[in-house]
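Here is the structure we will look at.
The values are calculated or read from the model by the stated rules, or taken from the named source; none is laboratory data. What you see is a predicted model, and the numbers here were worked out from it, not measured in a lab. For neighbour counting, all protein chains shown are included, and Cβ atoms are generated from backbone atoms with ideal geometry for every residue, glycine included. Keep in mind that these areas ignore ligands, DNA and RNA; they rest on the heavy atoms of the full protein, side chains included. Shrake-Rupley method; radii C 1.70, N 1.55, O 1.52, S 1.80 Å.
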Amino acid sequence: MINAPPEVVAFLESPAGFGFLTQVVLASLFVITQVAPGSIRMCCTFLRLSGLAEFVAPSYGAVRNVILEMEEKIVLFGRSELERLGREMRPKRVTILEDETFHPQICLVAVEGASGFIFLEAYADARDSKTWKTKLKEALGDLPIEIVQVTSDEAKALIKHAEQEIGANHSPDLFHVVHELFKGTSLAMAREVKGARRAVEEAKDAAKRLEESKERYIESGRSSPYCSVDRMQRNIDDAQGNVQLAEAVLAEAEKDQHDMAEAIRGISDCHHPFDLETGDTRSAETVAAAIDEKFATIDGLADKVGLSDKGRQSINKARRVVPVMVATIAFFHETVENWIEQLGLSESLQRFVLEVWIPARYVELVAQRASGGQKRHRYKRWAEKLMPLPQEIGHRLASLCDSDRIMLVAAVEQCAQLFQRSSSAVEGRNGHLSLFHHGHHHLPARKLEARTVIHNFMKVRPDDTTAAERLFEQEPPDLFHFLLENMSELRRPARKTQQFAS
């Protein structure tokens, strides 16, 4: 029974009250089953515990029908809005992030790197390059989008799909390079540190035993021609020397471990088209030299600890990706220069855009994506120092008409967003889907598409924008409001027949 005053119950039974109740119930079902990986039975339990079962049918079948209709309406909303927004969208050149996941069916996932909009999230019978091409073409439809780059791991099908099927540049996922290096070296470095710590403990224990032996010998008052206090002290001094030597070895092992980790992380810091502190352009040759220097440090430390063949294979596997990483830097600079040259700007304005505005915006984006508060704040300070004031930008663009100014601002954003070196957004999405699959044991195509629509049109970033708003540059209608207007009326609970005694 609902624990509420009679006037509240009367209001909920009225047409206006039932409309409010419908919104509450639909909101709860939407959040439990569409936003969170909850089940239909959880919705039934919620209706009963809240007392709303007196006004809305709480049975499994009734709730299931509501959920099915809700998913169908969500899919309908996504398809119709994608078609409408696509007609009004200006042409756009994008980088997409690709990967596969398994439910256990093969699920192909492609996300636009800048906006986070999911273009493709669908089951497929295979994951070869032709299947990728077919599925992605179906997903894009008539959208005025040109894919200029694909960021993914080193799967042969994904590389072939990017370079041969759609003619885009393939940018390797930096995570897999760093992961291989840590996988190949971290255990060996940790083993060295662990062995050095054990040696220190053993040396300290030996010195302690000698000191205790000396104290017992003095307390006993005995004397022996084969043993003296001076001789025992010399042994103690030698043991203390061994402790200092072991501690020095430990300090060196810990330093080597730290240097190895810093060299591996340094590869990530090197792989940027601009210097994050000064904004200076970093050429492909500069990036290659910096990465080679980090690998030289890694190789030297690997030799020092006697890294196993398996560990060296991981290092070599990561090293094989470096030429592609460097080629991506060259591709970025060449593409950005071509895009800006096509705008027909004056020489001074073009130089300002390429040397000041785009680098500053790029550092801003790096700061937003940086992990760890300290690093994020450091990058943010650098970006604020590099970013020209709005007055300066306005002065530089004063000679342009409104349409050219809008086009230039959009071009700067596209150029800054072009360099995508990680497909972590897809990895995160795959992890999100695995939670739903674990809870439901099966994600049919309808449920999968509904969750894609919710991601694109409802989930917001800290700036309160959805993926669809960032991609299409206009705010789409509210998804939940669409559901409220288009869902069928909720079923009332069945009234129980009164039982009479015979």
Self-check item: DSSP-defined beta bridges in the range 98-183 - what % are antiparallel, rounded to 5
Solution: 75 percent
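Using 0.36 nm per residue of separation minus the Cα-Cα distance, give me the extension gain between Ser348 and Ala410 in nm, one decimal.
Details: separation 62, 0.36 × 62 = 22.32 nm, distance 1.90 nm.
Here the segment from Ser348 to Ala410 would lengthen by 20.4 nm.
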Exercise. Determine the principal axes of the Cα atoms in the chain, then give the extent along each, sorted from largest to smallest and rounded to whole angstroms.
Key: 110, 90, 49
Quiz prompt | 24 Å Cα-Cα reach of Lys317 towards lysines, excluding residues that sit fewer than 8 places from it in its own chain | solution = Lys156, Lys160, Lys183, Lys294, Lys304
Practice problem: Pick out, in residue order, every one of the GluC sites (Glu not before Pro) in the range 58-154 that is DSSP loop and has at most 12 other C-beta atoms within 10 Å; say none if there are none. | Solution: none
Quiz item: Leaving out ligands, DNA and RNA but keeping every protein chain, what accessible area does Val94 have, in Å² rounded to the nearest 10, with a 1.4 Å probe?
Solution: 0 Å²
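On a 1.4 Å probe surface of the protein chains, which of Leu49, Leu484 comes out largest in accessible area, and what is the full order? Write out the running numbers ahead of the final one.
Working: Leu49 145, Leu484 60 Å².
Accessible-area ranking of Leu49, Leu484, largest first: Leu49, Leu484.
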Practice problem: Let me know the charge dipole size of the range 44-127 about its Cα centre in debye, to the nearest 20, where only the beta-carbon of Lys, Arg (+1) and Asp, Glu (-1) is charged. | Solution: 260 debye
Quiz prompt | Accessible-area value, Phe482, 1.4 Å probe, nucleic acids and ligands omitted, Å² | solution = 40 Å²
Quiz item: Cα centroid distance between the range 245-302 and the range 374-422, in Å?
Solution: 30 Å
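For every other residue with a beta carbon closer than 14 angstrom to the beta carbon of Glu254, add +1 if it is Lys or Arg and -1 if Asp or Glu, then tell me the sum.
Taking every Cβ under 14 Å from that of Glu254, the sum is 0.
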Quiz item: Cα axis of helix 445-457 to longest principal axis of the chain: angle in degrees, 0 to 90, nearest 10?
Solution: 80 degrees
Quiz prompt | Rounded accessible area of Tyr60 (nearest 10 Å², 1.4 Å probe) | solution = 100 Å²
Quiz item: With a sphere of radius 14 Å drawn around the Cβ of Met232, what net charge do the other residues whose Cβ falls strictly inside it have (Lys, Arg +1; Asp, Glu -1)?
Solution: 0
Quiz item: Based on the Kirkwood radius over alpha-carbon pairs, what value in µm²/s does the Stokes-Einstein equation return for the translational diffusion coefficient of the range 387-466 at 4 °C and 1.567 mPa s?
Solution: 78 µm²/s
Quiz item: Can you give the net charge of the other residues whose Cβ lies under 14 Å from the Cβ of Asn430, counting K and R as +1 and D and E as -1?
Solution: -4
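Roughly how large, in nm² to one decimal, is the mean projection of the convex hull of the alpha-carbon atoms in the range 338-402?
On the way: hull surface 20.5 nm².
For the range 338-402, averaging the hull's shadow over all directions gives 5.1 nm².
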Exercise. Please give every one of the aspartates and glutamates within straight-line cross-link reach of Lys375, meaning a C-alpha to C-alpha distance under 17 Å, and leave out same-chain neighbours fewer than 8 residues apart.
Key: Glu262, Asp269, Asp275, Glu277, Glu364, Glu384
Exercise. Only Cα pairs under 8 Å and at least 6 apart count here; give the relative contact order of the chain as a rounded whole percent.
Key: 23 percent
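If you take the Cα Rg of the range 196-307 and divide it by 2.2 N^0.38 Å, with N the number of residues, what do you get? Display every interim value, and only then the final one.
Numbers: Rg = 25.1 Å, N = 112, 2.2 N^0.38 = 13.2 Å.
In units of the 2.2 N^0.38 Å rule of thumb, it is 1.90.
Rounded to whole Å and sorted largest first, what semi-axes of the equivalent ellipsoid does the C-alpha gyration tensor of the range 55-202 yield via the square root of 5 times each eigenvalue? Could the numbers behind the result be given before it?
Values: eigenvalues 330, 146, 41 Å².
Those come to 41, 27, 14 Å.
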Quiz item: Taking Cα atoms, how many degrees apart are the long axis of helix 15-30 and the longest axis of the chain, rounded to 10 and kept between 0 and 90?
Solution: 30 degrees
